[in-house]
Amino acid sequence: LYLSATVGNPRWLAERLDANLVEFEERPVPIERHVTFADSQEKARVANKLVRREFDRESSKGYRGQTIVFTNSRRRCHELSRKLEYDAAPYHAGLDYSRRKRVEGLFADQELAAVVTTAALAAGVDFPASQVIFDSLAMGIEWLTVQEFHQMLGRAGRPDYHDRGVVYVLVEPDGSYHSSMPGSEDETAFKLLKGEMEPVAMRYDETSAVEEVLANITVAGEGAKWLTDRMVGEVPLKHAVGKLLDYGFIDGLEPTPLGRAVTRHFLEPGVAFTMLDGIRKGTDPYDVVADIELRDEEE
């Protein structure tokens, strides 16, 4: 069973996966979409007001309104979560596994009014939120695509929890996050809201191929080739396996302890080696984390 709400060429994809296509044109939970103009200083104040108002509401199913706030950097996750009056927490790939699980648990128990997360983690976020706020329409220093935008706003409203979903796009007129970015945030907002879904076309660079093949080996061992062949898009399997052997992430077709750790914590190879190098040299853990954070900010 394959599910997606953000595929522009579902018929081709169904044929590629040897599956039957079933399309639903209507959303089970209605969704409201709002655009609010605010400069960079006002965004936190507006988000705070929206989070408070939503958390004070209760659905007919007995659930309080909770919010996912998407922003463009890990640093901003921490900064914005501190500025929210109601209980909120940052959530991103830079947090260790146990801390992420704790945030997930607190949100599920309705102990948190909001989580503030990065666009990069959107596909993996599974919080039953009634409201989504876009503090930024960028992922790092690149504007979101139509697919990414709809993937994120689709997190608002769950059939068994909420009566409706609500989305607020906070837009800074003429704003951008880097001089290399084409257009402004307000122009991007309306392109995203009016844009058509693009066809799926998977292209794996070396890093992505290594991550995917390592995950398949961790899950399936010798069955990794079968799993990889079932993926949409061509994955350079032999090249990826060679890299994994060079990195010491696998031994034959079994993950090494290091490989399992990399998979479990969703680490890119470069991040894993930065951490490993720091451990071997006895570097202060805070310095290792700072090095990784600074590198991510630069990218």
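Computed from the coordinates by the stated procedures, all read-outs in this text should not be read as laboratory data. Quick caveat: nothing in here was measured; it's all calculated off a predicted structure. Glycine also receives a Cβ, built like all others from the backbone with ideal geometry; neighbour counts cover every protein chain displayed.
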**Study point:** Modelled label reach - ASP246, point 7 Å along Cα→Cβ, the stretch 210-228 residues with backbone N closer than 15 Å
**Key:** 210-211
**Study point:** Linear extension gain, LYS49 paired with HIS265, 0.36 nm per residue minus alpha-carbon span
**Key:** 74.4 nm
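What is the order of SER208, SER4, SER179, fewest Cβ neighbours within 10 Å to most?
By the 10 Å Cβ count, ascending, the order reads SER179, SER4, SER208.
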Exercise for review: For the chain, find the longest principal axis of its Cα atoms and tell me its angle to the long axis of helix 97-108, 0 to 90°, nearest 10.
Suggested key: 30 degrees
Study note, to complete from the structure: In the chain, taking the dipole from +1 charges on Lys and Arg beta carbons and -1 charges on Asp and Glu beta carbons about the Cα centre, the listed residue (ALA88, LEU1, MET275) farthest towards the positive end is ALA88
Review point. Taking the Cα centre of the chain as the origin and placing charges on Cβ (Lys, Arg +1; Asp, Glu -1), which of TRP226, VAL200, GLN41 is farthest toward the positive end of the dipole?
Key: GLN41
Practice item. Can you grab the distance from the C-alpha centre of the stretch 268-290 to the C-alpha centre of the stretch 62-78, Å, no decimals? Key: 28 Å
Check your understanding: Out of residues 5 or more away from ARG33 or on other chains, whose amide H comes under 5 Å of its own, with H placed 1.01 Å from N in the peptide plane?
Key -> VAL167
Review point. When you count, for each residue, the other Cβ atoms within 10 Å and take the mean per peptide, how do 212-219, 106-113 rank with the highest first?
Key: 212-219, 106-113
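For ARG57 and GLU234, calculate 0.36 nm times their separation in residues minus their Cα-Cα distance, and state this gained length in nm to one decimal. Could you put the intermediate results ahead of the total?
Values: separation 177, 0.36 × 177 = 63.72 nm, distance 4.71 nm.
The span from ARG57 to GLU234 would gain 59.0 nm if fully extended.
Arranged by the count of other C-beta atoms within 10 angstrom, fewest first, what order do PHE273, PHE190 take? Let's see the in-between values first.
On the way: PHE273 15, PHE190 12.
Ordered by Cβ neighbours within 10 Å, fewest first: PHE190, PHE273.
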Revision key, fill the gap. Calculated from DSSP helices alone, with each H run of at least 4 adding -39500 (n - 2.57) and the total divided by the residues of the chain, [θ]222 nm to the nearest 500 comes to -13000 deg cm²/dmol
